[in-house]
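Participant: To start, I am sharing the structure in question, which I have written as structure tokens.
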Amino acid sequence: MIILKNVNKIYHQKKHSIEALKDINLEIAKGEIYGVIGSSGAGKSTLIRCVNMLESPSSGQVIVDGTDVTKLKDYALIKHRRQIGMIFQHFNLLSSRTVFGNVALALEFNGETNKEKINKRVFELLELVGLADKHASYPANLSGGQKQRVAIARALATEPKVLLCDEATSALDPATTSSILSLLKDINRRLNITILLITHEMDVVKKICDKVGVISQGQLIEQGTVAELFSHPKTPLAKSFIESTIDIEIPDDYQAKLQSTEVAGKHPLLKLTFTGRSVDAPVLSEIAQRYGILSNIISARMDYAGGVKFGVMLAEFSGENSKLELAIAFLREQHVKIEELGYV
């Protein structure tokens, strides 16, 4: 459905040039939800805007539903853009129009003049996004989540095959973000619409994406299914994004007695990160039996992403130092990431 081949984007300024995108290659299947995650300035927005030609690539191909959009001009490009809906971080609703009027505007711009058809389509969409009862309300009387639902309905008005989401939830609180992501997932399932979203939050990817690409300094440095990324992240950036979604804090009572150097009578406090097969493996029982190392679990968190279980644990280990080193080496062999936090 969406194919980017060797896409580059260079912004030329007076004294120097900025490479916003460098040799981007990705493929998104019909009906898929694909997330691109990266830090601020990584090139996410430029990438997504190249898909509907709000930004023209300096080189490369952007193929949407079999058409290379980089070769389209004037009316042909306008016509093709109708197949691509887009929602933004800021809702961009017209304050002078009601909810109904904001959604209808997309149909009017598309040349629809039949009021009966407009009325039918708008109410179908408002029903889909759960705002049929707000059709006569103005944006000033809506919450942030409701405004984004209006923006989603407006983006779907022309029955696009592709929906682009540019940081669509970053201005929303966590509960509202969750409800908007659930709505996008439901729309994807009901309409079989292909969704490309960009975000800086791994929680967004974890909740609704099928596949994900990690972008850094204009380059896609890692791609795969969400399950693959969480199970076997290859790059430090991907690992840091994953850790951000499963991080865990040291309890205050342990923080108060935590020391950075080894002291007699103190035990090491470790943070263990589990992904893939290591999550269900009885590794703590194994090190107790093999090496006589006892573990006191302080706290733990478990979650799922792409059907894969993953988690993080804080544990205090006790036993002979020589055996402790063997136990830690064994855990690392089992793909458990270990961070030594200090001694308690």
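The values are calculated or read from the model by the stated rules, or taken from the named source; none is laboratory data. Quick caveat, the model's predicted, so the values are computed rather than measured. So basically every Cβ, Gly included, is an ideal-geometry build from the backbone, and we count neighbours across all protein chains shown.
Participant: Among 167, 159, 112, 116, which is assigned by the TED database to the domain that holds residue 37 and either touching a residue at least 40 places away in the same chain (Cβ under 8 Å) or among the small types (Gly, Ala, Ser) (or both)?
Facilitator: 167
Participant: Moving to a separate point now. List pairs: first in the stretch 217-238 and closer than 20 Å to residue 29 by Cβ, second modelled with pLDDT of 95 or more and in a helix (DSSP H, G or I), Cβ under 9 Å, 6+ apart or cross-chain?
Facilitator: Pairs found: 220/47.
Participant: So, in the stretch 141-150, of the ones that are farther than 20 Å from residue 119 by Cβ and either at pLDDT 95 or above or not small (Gly, Ala, Ser) (or both), which residue ends up surrounded by the fewest Cβ atoms within 10 Å (Cβ to Cβ)?
Facilitator: Here the residue is 141.
Participant: Continuing with this model, one more query. Can you list the strands (runs of 3 or more DSSP E) lying wholly within the stretch 268-344 that have 2 or more residues being under 26 Å from the mean Cα position of the chain (by Cα) and of a type in the set (Gly, Ala, Ser)?
Facilitator: Hits in the stretch 268-344: 294-305.
Participant: May I pose another question? Taking the condition under 24 Å from residue 210 (Cβ atoms) and in a strand (DSSP E or B), does residue 34 pass?
Facilitator: yes
Participant: Can I ask one more? May I ask you to say which residue of 300, 305 is small (Gly, Ala, Ser), in contact with a helix residue (DSSP H, G or I) (Cβ under 6 Å, 6 or more places away or on another chain) and closer than 28 Å to residue 208 by Cα?
Facilitator: None of the others qualify; the one that does is 305.
Participant: Any residue at all in the stretch 83-96 that's more than 29 Å from residue 201 (Cβ to Cβ), surrounded by fewer than 22 Cβ atoms within 10 Å (Cβ to Cβ) and of a type outside the set (Lys, Arg)?
Facilitator: yes
Participant: Could I ask something else about it? Based on this model, can you work out whether residue 208 counts as farther than 26 Å from residue 338 by Cα, crowded, with 16+ Cβ neighbours inside 10 Å and either touching a residue at least 24 places away in the same chain (Cβ under 8 Å) or out of contact with any Gly (no Cβ under 8 Å at 6 or more places or on another chain) (or both)? Write out each step before concluding.
Facilitator: Details: farther than 26 Å from residue 338 by Cα: yes; crowded, with 16+ Cβ neighbours inside 10 Å: yes; either touching a residue at least 24 places away in the same chain (Cβ under 8 Å) or out of contact with any Gly (no Cβ under 8 Å at 6 or more places or on another chain) (or both): yes.
Here the answer is yes, as residue 208 does meet what is asked.
Participant: Could you pull out the residue among 110, 8, 114 that is modelled with pLDDT of 95 or more and over 20 Å from the mean Cα position of the chain (by Cα)?
Facilitator: Only one candidate passes the filter, namely 8.
Participant: Of all residues in the stretch 219-276, count the ones that are of a type outside the set (Val, Ile, Thr), closer than 29 Å to residue 46 by Cβ and touching a Gly at 6+ places or on another chain (Cβ under 6 Å).
Facilitator: The qualifying residues number 3.
Participant: Next up: Could you check how many residues of the stretch 186-203 are farther than 25 Å from residue 40 by Cα and in contact (Cβ under 8 Å) with a residue 12 or more places away in the chain?
Facilitator: Final tally of qualifying residues: 6.
Participant: What is the number of the single condition among (1) under 26 Å from residue 170 (Cβ atoms); (2) surrounded by fewer than 17 Cβ atoms within 10 Å (Cβ to Cβ); (3) touching a Gly at 6+ places or on another chain (Cβ under 6 Å); (4) free of Cβ contacts under 8 Å to residues at least 60 places away in the same chain that residue 8 does not meet?
Facilitator: (1)
Participant: Among the helices (runs of 4 or more DSSP H) lying completely within the stretch 134-233, list those that include at least 3 residues that are among the β-branched types (Val, Ile, Thr).
Facilitator: Per the criteria, 174-191, 202-208.
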